[in-house]
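Encoded as structure tokens, the structure appears first; notes follow it.
The values are calculated or read from the model by the stated rules, or taken from the named source; none is laboratory data. Fair warning: this is a prediction, and the values are worked out from it, not measured in the lab. Don't worry about glycine lacking a Cβ; one is built from the backbone with ideal geometry, like all the others, and counts go over all protein chains shown. Calculation scope for accessible area: heavy atoms of the full protein, side chains included, ligands and nucleic acids excluded. Shrake-Rupley method; radii C 1.70, N 1.55, O 1.52, S 1.80 Å.
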Amino acid sequence: MSVENTLSIIKPDAVKRDLTGKIIAMFEENQLRIVAQKKIWLSKAQAGSFYAVHKDRPFFDELCEFMSSGPIVVQVLRGTNAIEKNREIMGATNPEQAEAGTIRKEFALSMTENSAHGSDSPETAREEISFFFSGLEIIQF
Ligand code: ADP
Ligand code: MG
């Protein structure tokens with residue numbers, strides 16, 4: 001168990017429905033502290049660059065359309081086991097398979113419009129955090 005940083009995104013479907021505060025509360029109630037945060041609106045090309053790992057998947061175009069359909073909140077969460085804990089709080093990718101009380105079970109509209117993103121390993125957390133934030137923008141304590 002170590003203190004980690006992870007990248008979290010509140011996706012356009014959730015920002016649009018004013019669920020930002022409710023989702024942030026779920027992180028804070030589970031000992032994940034926000035150490036960097038901003039609201040931005042990605043272009044489709046920028047969304048494609050963030051999700052480049054999925055570029056050959058059949059859902060890639062739909063995913064990039066969706067992720068550039070409105071503002072998102074990008075944030076760095078810090079806490080013990082933050083990477084895994086964030087994914088537990090989000091729930092399964094498919095909201096129908098997500099556990100009760102998770103972000104995706106409570107709020108997701110579909111497999112694509114599933115309200116939240118979270119890094120899935122220490123390596124992707126490092127890459128994804130530096131995609132959106134410079135070191136200066138991250139609280140270091
Ligand atoms: P996760 O976000 O849980 O890490 P993935 O990395 O596999 O899931 O996929 C990235 C995102 O792409 C998902 O969160 C979801 O928005 C979308 N997605 C994944 N699989 C599908 C699918 N089969 N159909 C439609 N959209 C999908
Ligand atoms: Mg993923």
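Values as computed for the structure displayed
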item: All helices (runs of 4 or more DSSP H) inside the stretch 23-141 with 1 or more residues being of a type outside the set (D, E, K, R) and open to solvent by 30 Å² or more (accessible area, probe 1.4 Å); result: 44-50, 60-67, 103-107, 122-132
item: Evaluation of Phe66 against (1) within 15 Å of ligand 1 (Cβ to nearest atom); (2) touching a Phe, Trp or Tyr at 6+ places or on another chain (Cβ under 9 Å); (3) touching a residue at least 12 places away in the same chain (Cβ under 8 Å) (one fails), failing number; result: (2)
item: Candidates Leu19, Leu7, Leu42, filtered to the one that is within 23 Å of Pro122 (Cα to Cα) and within 16 Å of ligand 1 (Cβ to nearest atom); result: Leu7
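Conditions (1) in contact (Cβ under 8 Å) with a residue 60 or more places away in the chain; (2) in contact with a helix residue (DSSP H, G or I) (Cβ under 6 Å, 6 or more places away or on another chain); (3) within 14 Å of ligand 2 (Cβ to nearest atom); (4) not basic (Lys, Arg), marked per residue:
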site	(1), (2), (3), (4)
Lys55	no, no, yes, no
Glu62	no, no, no, yes
Val74	yes, yes, no, yes
Gly101	no, no, no, yes
Gly135	no, no, no, yes
